[in-house]
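Taking it in order: structure first as structure tokens, then the write-up.
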């Protein structure tokens with residue numbers, strides 16, 4: 001009985017309920033888009049953009065501008081700058097991301113130092129904060145999650161085609177640049193709305209680990225799109241609860257949980273492959 | 001499958017005029033003239049780095065043309081088969097998913113319909129791999145892999161089939177299979193354009209061969225085109241052309257000399 005009371009204790013707090021809802025939806029959303037992130041080798045873009053948006057978040061906190069407007073605008077500018085710099089082929093997209101996003105991150109840090117009074121909410125952006133979750137965050141995450149779901153369902157074949165085989169998709173009259181643009185916008189929106197809970201530093205992990213774990217469980221693209229959000233949302237839900245009881249950071253707990261899932265799946269998948277090979281050896 | 005109308009036979013599907021393409025400032029394709037008529041079966045041969053893949057990409061529209069023009073028949077549908085080496089075989093898709101993804105235009109709901117399933121089955125049967133539909137692409141043999149991508153190209157009922165190095169990285173038996181398969185498709189009325197560096201195994205069997213090095217060196221039947229002179233210009237190395245079973249057989253000078261020394 002005491003055990004049961006302990007488990008449900010955090011549910012007495014409104015902030016925890018809000019945080020839990022946001023984290024669970026965010027986990028599903030990141031898991032869904034993470035499939036495209038890992039298959040397209042975009043994990044560095046997710047990592048970079050989340051750092052770039054930090055600059056925007058800091059600036060909007062200092063300037064007392066609405067976070068979504070400020071950080072969103074900043075993210076957009078960073079994305080365009082990356083595309084612009086990457087067009088110089090000698091530099092390369094990965095270096096372009098490195099230049100633009102670290103500069104944006106540094107600017108955010110400098111603003112934080114200079115105008116210390118805003119540092120509290122900036123820290124929340126950096127590490128994520130369950131306490132900071134407002135009702136508008138729930139609406140924002142839910143909206144982006146529905147949008148993401150609609151994009152993936154309605155654009156399923158175009159997304160799959162241009163991810164698997166860009167050149168041929170283009171020949172087959174798929175507007176590949178448009179598809180890629182939509183995907184990038186979705187990832188940016190995801191970063192924007194989940195950052196206050198998960199935190200800039202760890203969000204890139206959530207865009208990669210659940211999808212990577214799911215990838216080892218199936219060879220079917222459509223099944224991957226189910227399994228990855230499932231892993232993402234379950235680890236977020238459990239991680240949020242654990243973080244309350246263990247008194248650890250919510251973001252750190254969630255990512256560690258995801259890492260554990262990854263290690264377990266990795267080990268199981270490895271053993272299964274070895275067994276498959278061994279049984280083939282008997283033939 | 002599409003029925004071809006005979007009166008259409010001599011209308012050009014693709015006309016390249018004075019086509020040049022560049023990478024940075026370096027020209028890789030220069031002043032190319034090439035006309036492809038309906039019902040033709042032609043191969044572009046040339047050494048690696050000769051720009052034949054670039055020309056192919058220009059024709060399919062994924063490589064910008066710096067000068068000149070490429071005109072295609074209005075509403076030309078191209079079935080493109082990429083090089084097997086460029087495919088990500090670890091990508092999580094089944095054969096059925098690979099083929100069906102080409103029909104993305106008007107579909108809102110992604111689920112594969114039973115009609116599509118029947119169409120997939122029909123095209124796989126035509127290519128002799130009816131039983132692989134539900135398999136992951138990595139679980140296929142080299143010949144099956146090539147056929148799956150051929151099936152995908154055929155699925156949109158193209159006017160022309162374009163293949164980039166269809167026999168690179170496959171064994172002799174698979175090469176034979178692919179060649180026969182393409183010949184059958186051509187007999188059914190399909191127009192086929194391919195690139196290859198395989199002179200004897202593939203090019204010599206085609207009705208029309210284009211020797212290519214930055215530009216068209218020679219264009220005609222294998223007998224007309226595969227001559228020591230043309231080949232030396234194309235490959236930059238002396239080659240002999242023998243006759244074997246009524247077909248030209250290209251022999252590398254270096255190889256003959258080495259064998260001679262060995263004896």
Of the residues in segment B:117-145, those that are in contact (Cβ under 8 Å) with a residue 24 or more places away in the chain and within 14 Å of chain A (Cβ to nearest Cβ) number 10
Of (1) at pLDDT 80 or above; (2) at positive phi, residue A:50 fails just (2)
The residue that is surrounded by the fewest Cβ atoms within 10 Å (Cβ to Cβ), considering only those in segment B:190-221 that are more than 19 Å from residue B:54 (Cβ to Cβ) and out of contact with any helix residue (DSSP H, G or I) (no Cβ under 9 Å at 6 or more places or on another chain), is B:221
Exactly one of B:79, B:61 is touching a helix residue (DSSP H, G or I) at 6+ places or on another chain (Cβ under 8 Å) and crowded, with 22+ Cβ neighbours inside 10 Å, and that one is B:79
Being under 30 Å from residue B:119 (Cβ atoms), touching a strand residue (DSSP E or B) at 6+ places or on another chain (Cβ under 9 Å) and either modelled with pLDDT of 90 or more or more than 14 Å from chain A (Cβ to nearest Cβ) (or both) narrows B:9, B:3, B:55 down to just B:9
Within segment B:62-91, the residues that are facing another protein chain (nearest Cβ under 10 Å) and closer than 17 Å to residue B:12 by Cβ are B:77, B:78
Of the listed residues (A:208, A:197, A:185), the one being closer than 30 Å to residue B:109 by Cα, touching a residue at least 60 places away in the same chain (Cβ under 8 Å) and away from chain B (no Cβ under 14 Å) is A:208
When (1) modelled with pLDDT of 90 or more; (2) more than 7 Å from chain B (Cβ to nearest Cβ); (3) surrounded by fewer than 22 Cβ atoms within 10 Å (Cβ to Cβ) are applied to residue A:176, the one that fails is (1)
All conditions in (1) in contact with a helix residue (DSSP H, G or I) (Cβ under 6 Å, 6 or more places away or on another chain); (2) over 14 Å from residue A:37 (Cβ atoms) are true of residue A:230 except (1)
The residue from A:53, A:22, A:62 that alone is in contact (Cβ under 8 Å) with a residue 24 or more places away in the chain and closer than 30 Å to residue A:220 by Cα is A:22
Of the residues in segment A:141-155 that are without any contact (Cβ under 8 Å) to a residue 24 or more places away in the chain and within 14 Å of chain B (Cβ to nearest Cβ), the one that is farthest from the chain's Cα centre (by Cα) is A:154
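The values are calculated or read from the model by the stated rules, or taken from the named source; none is laboratory data. Worth saying up front: this structure is predicted, and the values here are computed from it rather than measured. We place every Cβ from the backbone using ideal geometry, glycine too, and count neighbours over all the protein chains shown.
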